[in-house]
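**Q** There's a structure below that I have some questions on.
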Amino acid sequence: MNTSYNWIKDLVPGLNATAQEYMDAMTLSGTKGEGFEQLDKNLEKIVVGEVLSMEKHPDSDHLWICQVNIGSETIQIVTGAQNLKVGDRVPTVLDGGKVAGGHDGSENPENGIKIKAGKLRGVPSNGMMCGIEELGSSREVFPDAPEDGIYVFPVERNVQPGDDAVKLLGLDDVIHEYEVTSNRVDCYSVLGIAREAAATFNLKFEAPVVPVTGENASEKSSDYIKVSIEDKDLCSRYVGRVVKDVKIAESPEWMKKRLRASGIRPINNIVDITNYVMLEYGQPMHAFDLSTIAKNEIIVRRAKDGETFVTLDGQERKLDSEVIMICDGEKEIAIGGIMGGENSMITESANTVLFEAATFNGPNIRKSSKRIGLRTDASGIFEKGLDANNALDAMNRACALVEELGCGTVLNGAVDVHGELPQPVQIKFEPERINDFLGTDIAVSDMLDYFKRLEIEYDEATGMLTCPTFRQDLKSFADISEEVARFYGYDKIPTTLPDSGATAGKLSFKMRVEAVARDVAEFAGFSQAMCYSFESPKVFDMLRLDENAPERQTIRVANPLGEDFSVMRTLTLNGMMNSLALNYNRRNKNVKLYELGSIYLPKSLPLTELPDEREQLTLGFYGEGDFFTLKGVVEEFFEKAGLKLRPSYEPTGNRPYLHPGRQAEVIYDGQKVGYMGQVHPLVCQSYDMPLDAAVYVAVIDMPSIIEKATFDHHFNGIAKFPAVTRDISMVVPKEVLVGQIEAVLGQRGGKILEGFNLFDIYEGEQVKAGFKSIAYSLSFRNKERTLSDDDVNAAMKKILNGLEGLGIELRS
């Protein structure tokens with residue numbers, strides 16, 4: 001946001017701080033100044049000069065010898081400009097004066113260029129007549145300046161020789177630049193900045209007086225235009241007002257100065273009024289030629305998908321149903337909040353004009369502007385979200401300027417269509433709490449003085465503060481406290497310790513379980529990998545999943561980087577395989593990787609609620625090790641996470657991306673909590689690894705583990721009584737799993753069974769066909785007495801009876 005300091009000073013009488021003092025004070029009070037530019041910094045001794053005579057230079061075809069009246073005397077100046085004639089009045093820099101830059105604007109030294117009297121081809125020259133670039137400006141804001149030549153003051157300005165040319169051109173000003181936060185929409189206007197300046201310097205803010213317009217007109221705006229809003233979620237208010245007998249002409253110099261200072265090129269009085277009000281009130285406006293509006297009707301509605309529209313800049317724009325359009329009875333005439341259309345633009349032949357002031361949905365304007373590729377000054381303001389109450393005030397100001405400039409007849413009343421308008425927010429005034437909150441001791445009277453400066457009203461009877469609707473950032477106690485702090489002075493607030501007691505920081509339970517998983521994996525030699533959550537749908541083919549596999553039900557990314565990153569993953573295996581394959585093909589041996597990452601399982605498609613985001617611990621390796629290596633890491637993690645029971649394994653063979661004979665579901669307390677196994681050779685091949693590459697993976701569902709994990713440890717003293725051990729060697733049918741045997745041991749061993757350990761598995765000629773030999777060591781102990789042989793024999797008998805049910809025989 002840039003503002004003219006002269007304009008601010010007109011609204012805040014008595015403001016006489018230097019540009020630097022002003023910027024520092026505004027920054028300290030919360031309106032951060034980014035910097036300022038003093039337009040006349042390098043302009044000295046520049047006055048209006050009148051060309052009295054012109055003679056050709058005797059030694060040059062392109063130079064002129066001019067006699068120039070500068071008010072106090074007549075001086076001779078030699079110039080090469082070809083656009084001058086006798087009687088022209090031009091900016092003239094005198095001997096010893098300075099200009100900002102070269103004639104072509106390319107040379108712009110920090111301290112300007114000093115002009116000295118001298119000779120040009122033997123003829124004395126006592127100054128220089130200036131082009132607009134030499135004064136530090138450009139044709140962008142002075143469109144009447146010649147492209148190559150001296151700037152000539154228009155005759156109608158009636159400037160006099162000797163007048164201060166810098167002041168006449170409005171270059172005796174300072175342009176301040178502010179960094180305005182998005183919640184201070186009111187400060188995207190000159191009035192908003194002026195209010196802040198008045199409050200900062202404790203001066204009176206004098207808003208422009210806006211007289212009532214059109215009250216004596218015999219006709220009403222509603223006689224000429226009808227307005228309806230079809231989509232009030234995108235347009236909360238639309239104000240229209242008609243001006244007849246329009247006279248298109250140049251704007252007065254005071255208005256053009258303020259527009260130029262703000263970087264806006266003056267065009268004509270009607271267009272300039274809309275731009276001026278946008279700067280002053282922060283309310284973008286638009287003017288339509290009423291003769292181009294079919295059926296004298298305005299309809300605010302959404303565009304249709306695929307529609308096109310030609311904007312004022314002559315470009316065709318492709319629209320969609322999320323873009324708000326201003327339409328007449330037959331066609332679109334403007335993109336709401338962004339730019340008007342070529343088919344309704346103001347021309348010199350316009351006789352009746354419709355002024356528009358509206359408020360639109362800020363986020364929608366921002367998204368629409370981005371989609372259609374058109375960002376304007378208006379859209380940049382609208383996207384912040386404007387106060388709907390400001391629209392009518394801005395319209396009244398525009399119509400007052402129309403009457404002041406004499407450029408038309410304002411009709412009576414406005415056509416104002418809106419829903420419920422914003423109401424002032426009320427906040428309880430709690431001075432003691434504010435002081436406690438800030439660590440200050442500010443008097444109540446001082447606080448109320450700050451609020452008065454900010455136009456915040458206080459009702460002593462109710463103790464409530466009423467905030468104006470243009471201050472959309474004031475919503476709570478904290479906001480009011482901030483207003484007190486910034487005008488009291490942040491630099492005056494003492495350093496204090498917070499009243500609340502300190503709390504000890506710690507990891508959440510979930511994070512503690514994750515830390516255990518990392519520790520166990522890294523202790524076992526695994527390195528952490530991080531993989532993308534975005535994947536390609538082709539992944540499921542590489543993993544040999546059926547067309548109807550539930551893993552193929554994915555969430556599509558709305559704006560993916562490409563097809564390879566278009567869906568959210570439902571398996572972590574692809575990322576792990578990519579990482580392992582990369583290492584394998586770079587000839588890295590014995591690679592072990594782990595990842596803690598999420599999968600995203602949709603609860604329904606299309607999405608109506610957030611997906612089930614489940615964290616997975618994925619282990620993967622190739623090289624030294626096998627299935628049982630991986631099994632040991634998983635069991636170590638379970639033990640360290642406080643899971644009391646031993647996991648069991650079901651070799652189902654149902655996962656097509658794993659080897660059918662070397663995979664298992666991990667079961668804990670009757671619930672599936674993961675799976676593990678060797679990767680299918682064909683899957684390895686699809687990841688550019690050889691068929692014989694032995695790659696093993698395990699995936700553990702962390703939410704299932706976290707709900708069963710515990711870090712509560714119970715102390716068990718040293719055993720007072722000895723343990724009794726028994727070894728048991730069995731001939732077991734091959735289809736019986738070790739997990740089934742251990743289930744019988746745990747169930748039948750009773751309370752005295754302290755533990756068991758598998759120490760031998762054998763298959764060979766000495767064991768009959770279809771069977772295998774398995775041996776366990778069992779440990780028995782009673783915590784209250786020494787066990788007798790009878791105690792142990794009774795437990796062993798129960799165990800053997802249970803094993804017989806599995807077809808197991810004792811080995812002789």
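The values are calculated or read from the model by the stated rules, or taken from the named source; none is laboratory data. Everything numeric in this text was worked out from a predicted model, so none of it was measured. Note: ideal-geometry Cβ built from the backbone for every residue, glycine included; neighbour counts use all protein chains shown. All accessible areas refer to the heavy atoms of the entire protein, side chains included, with ligands and DNA or RNA removed. Shrake-Rupley method; radii C 1.70, N 1.55, O 1.52, S 1.80 Å.
**Q** Just checking, how many residues over the stretch 658-696 are hydroxyl-bearing (Ser, Thr, Tyr), more than 18 Å from Lys592 (Cβ to Cβ) and either open to solvent by 70 Å² or more (accessible area, probe 1.4 Å) or outside any strand (DSSP E or B) (or both)?
**A** Total satisfying the criteria: 1.
**Q** Follow-up question, since we're still on this one. Which ones in the stretch 295-329 are open to solvent by 10 Å² or more (accessible area, probe 1.4 Å) and touching a Cys at 6+ places or on another chain (Cβ under 9 Å)?
**A** Of everything in the stretch 295-329, those that are open to solvent by 10 Å² or more (accessible area, probe 1.4 Å) and touching a Cys at 6+ places or on another chain (Cβ under 9 Å) turn out to be Glu297, Ile299, Arg301.
**Q** Among the residues of the stretch 254-277, is there at least one that is small (Gly, Ala, Ser), open to solvent by less than 20 Å² (accessible area, probe 1.4 Å), under 20 Å from Thr213 (Cβ atoms) and touching a Phe, Trp or Tyr at 6+ places or on another chain (Cβ under 9 Å)?
**A** Within the stretch 254-277 (the criterion being small (Gly, Ala, Ser), open to solvent by less than 20 Å² (accessible area, probe 1.4 Å), under 20 Å from Thr213 (Cβ atoms) and touching a Phe, Trp or Tyr at 6+ places or on another chain (Cβ under 9 Å)), the answer is no, since none of the residues qualifies.
**Q** Given Val155, Val180, which one is in contact with a Cys (Cβ under 6 Å, 6 or more places away or on another chain), among the hydrophobic types (A, V, I, L, M, F, W, C) and closer than 26 Å to Pro266 by Cα?
**A** Val180
**Q** Check Ser291 against each of (1) of a type outside the set (D, E, K, R); (2) at pLDDT 90 or above; (3) surrounded by 17 or more Cβ atoms within 10 Å (Cβ to Cβ); (4) out of contact with any Cys (no Cβ under 7 Å at 6 or more places or on another chain) and name the one condition it does not meet.
**A** Unmet condition: (3).
Residue by residue, here is whether (1) in contact with a strand residue (DSSP E or B) (Cβ under 9 Å, 6 or more places away or on another chain); (2) exposed (fewer than 12 other Cβ atoms within 10 Å of the Cβ); (3) not in a loop (DSSP other than H, G, I, E, B) holds:
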{"residue": "Lys768", "(1), (2), (3)": "yes, yes, no"}
{"residue": "Tyr776", "(1), (2), (3)": "yes, no, yes"}
{"residue": "Asp790", "(1), (2), (3)": "no, yes, yes"}
{"residue": "Gly802", "(1), (2), (3)": "no, no, yes"}
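**Q** Looking at Glu348, is it at pLDDT below 95 and either outside any loop (DSSP other than H, G, I, E, B) or crowded, with 23+ Cβ neighbours inside 10 Å (or both)?
**A** In short, no.
**Q** Need at least 1 residues that are under 30 Å from Ile193 (Cβ atoms) and open to solvent by less than 20 Å² (accessible area, probe 1.4 Å) per element, so show me which strands (runs of 3 or more DSSP E) inside the stretch 6-81 make the cut, counting only ones lying wholly within it.
**A** Strands (runs of 3 or more DSSP E) meeting the threshold: 33-38, 44-56.
**Q** Moving to a separate point now. Take the stretch 578-598 and flag every residue that is open to solvent by 40 Å² or more (accessible area, probe 1.4 Å) and part of a loop (DSSP other than H, G, I, E, B).
**A** Arg586, Arg587, Asn588, Lys589, Asn590
**Q** Which condition does Pro363 not pass, out of (1) touching a residue at least 24 places away in the same chain (Cβ under 8 Å); (2) under 27 Å from Arg184 (Cβ atoms); (3) open to solvent by 10 Å² or more (accessible area, probe 1.4 Å); (4) outside any strand (DSSP E or B), if it passes all the others?
**A** Condition not satisfied by Pro363: (1).
**Q** Also, I was wondering about something else. Which pairs do you get when a residue that is farther than 17 Å from Val78 by Cα and open to solvent by 70 Å² or more (accessible area, probe 1.4 Å), found in the stretch 109-130, comes within reach of a residue that is at pLDDT below 90 and not in a strand (DSSP E or B), reach meaning Cβ atoms under 7 angstrom, with the pair 6+ apart or on two chains?
**A** Asn111/Asn42
**Q** State all residues of the stretch 425-462 that are in a loop (DSSP other than H, G, I, E, B) and farther than 19 Å from Glu196 by Cα; if no residue qualifies, say none.
**A** Those that are in a loop (DSSP other than H, G, I, E, B) and farther than 19 Å from Glu196 by Cα: Phe429, Glu430, Gly439, Thr440, Asp441, Ile442, Ala443, Glu460, Ala461, Thr462.
**Q** Which condition number does Ile705 fail, the rest of (1) open to solvent by 10 Å² or more (accessible area, probe 1.4 Å); (2) farther than 23 Å from Asp626 by Cβ being met?
**A** It is condition (1) that Ile705 fails.
**Q** Of all the residues that make up the stretch 164-182, how many are touching a strand residue (DSSP E or B) at 6+ places or on another chain (Cβ under 9 Å), open to solvent by 10 Å² or more (accessible area, probe 1.4 Å) and assigned to a helix (DSSP H, G or I)?
**A** Number of matching residues: 2.
**Q** In addition: Out of Leu474, Leu507, Leu497, Leu465, which single residue is surrounded by 13 or more Cβ atoms within 10 Å (Cβ to Cβ) and either of a type in the set (Phe, Trp, Tyr) or assigned to a loop (DSSP other than H, G, I, E, B) (or both)?
**A** Just a single option satisfies the conditions, and that option is Leu474.
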